[in-house]
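Just below is one structure, and these are the notes that go with it.
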Amino acid sequence: MNLQIEDKGTAVLMQVKEERLDAHNSGELKAQMLKLFEEGKSNLVVDLADVRFVDSSGLGALVSGFKNASSRSGSLKLAGLQLQVKSMFELTRLHRVFEIFTDPEDALASF
Amino acid sequence: MPTDRVAVDIKVPNQTRYLCLIGHIGENIARALKHYDGDKEKLAYDLNLVLTEAMANAIRHANEADPTKQVHIEISIVDRQLIMRVYDHGQGFDIRQFADPRPPMDEHGRGIFIIHSVMDEVTYTPTRDGHVLEMKKNL
């Protein structure tokens, strides 16, 4: 999976550089998030601007990251959702769980 | 009533790397429809989604992630009804358990709910050597 990870101080920015986040690659995202948590990070921003398609496995990986961040008194916030990706969060009611920002810079500034 | 006629029959290895291929076939069928009055881009996303979910379910839960097995998929449109069938070789599972929205913090089990939300009729029935998930949508 093409994932760009950058420590921005208050939070880590993860940019998913893939067209799809699905059952094929969501495990890698989950593993990368776990690695960051193990390194002591607890605040993440996941930028999904390049992601055109997300399935239930992709959503599950983000829920896993959210739970792990919360259990470490941190948070996982989302940014850059395309319209159809956003509608997936609405369909599954996960838009009530995640803080969702248009711009990743705004998400980073919110920590 | 004018209708598009489509018949696709494909078998792919029981591997998640092929989800993208199957999803794109659904997407391209939606975009190529001549006789559809709704939002074709939304339909394209939805068909990509339900085929991805159905195939991922077949791979993980029914075919026990055995990469030597195959997933068989049929897609047809007749009389403005789209029918998609995903065949697996497994013991099957009770889809009624997954028809409702999952609690927000659940990491798994949303696939069948998503398929139910998008399609008009969904059944999961035994075949000679496994099960078939049949999903119908009126176009």
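Tell me, which residue of region A:96-111 that is in a loop (DSSP other than H, G, I, E, B) and facing another protein chain (nearest Cβ under 10 Å) is nearest to A:Gly9 (Cα to Cα)? Once the filter is applied, the top-ranked residue is A:Phe98. Taking A:Arg52, is it buried (at least 18 other Cβ atoms within 10 Å of the Cβ) and either of a type in the set (Val, Ile, Thr) or at pLDDT 95 or above (or both)? No; evaluated as a whole, the condition is false for this residue. For region A:58-95, a residue qualifies if it is facing another protein chain (nearest Cβ under 7 Å), over 13 Å from the mean Cα position of the chain (by Cα) and not aliphatic (A, V, I, L, M), and the qualifying residues are A:Gln84, A:Thr92, A:Arg93. Applying the criterion of at least 1 residues that are in contact with a Phe, Trp or Tyr (Cβ under 8 Å, 6 or more places away or on another chain) to the strands (runs of 3 or more DSSP E) found wholly in region B:1-117 leaves B:6-13, B:70-78. Within region B:55-98, the set of residues being within 14 Å of chain A (Cβ to nearest Cβ) and at pLDDT below 80 comprises B:His61, B:Ala62, B:Asn63, B:Ala65. Within region B:87-116, the set of residues being within 30 Å of A:Phe66 (Cβ to Cβ), buried (at least 16 other Cβ atoms within 10 Å of the Cβ) and within 16 Å of the chain's Cα centre (by Cα) comprises B:Ile95, B:Phe98, B:Arg110, B:Gly111, B:Ile112, B:Phe113, B:Ile114, B:Ile115, B:His116. Within region A:7-49, the residues that satisfy the criterion of being surrounded by fewer than 17 Cβ atoms within 10 Å (Cβ to Cβ), away from chain B (no Cβ under 14 Å) and assigned to a loop (DSSP other than H, G, I, E, B) are A:Lys8, A:Gly9, A:Thr10, A:Lys17, A:Glu39, A:Gly40, A:Ala49.
The values are calculated or read from the model by the stated rules, or taken from the named source; none is laboratory data. Not measured: the values here are computed from a predicted model. Backbone-built Cβ (ideal geometry, glycine too); neighbour counts: all protein chains shown.
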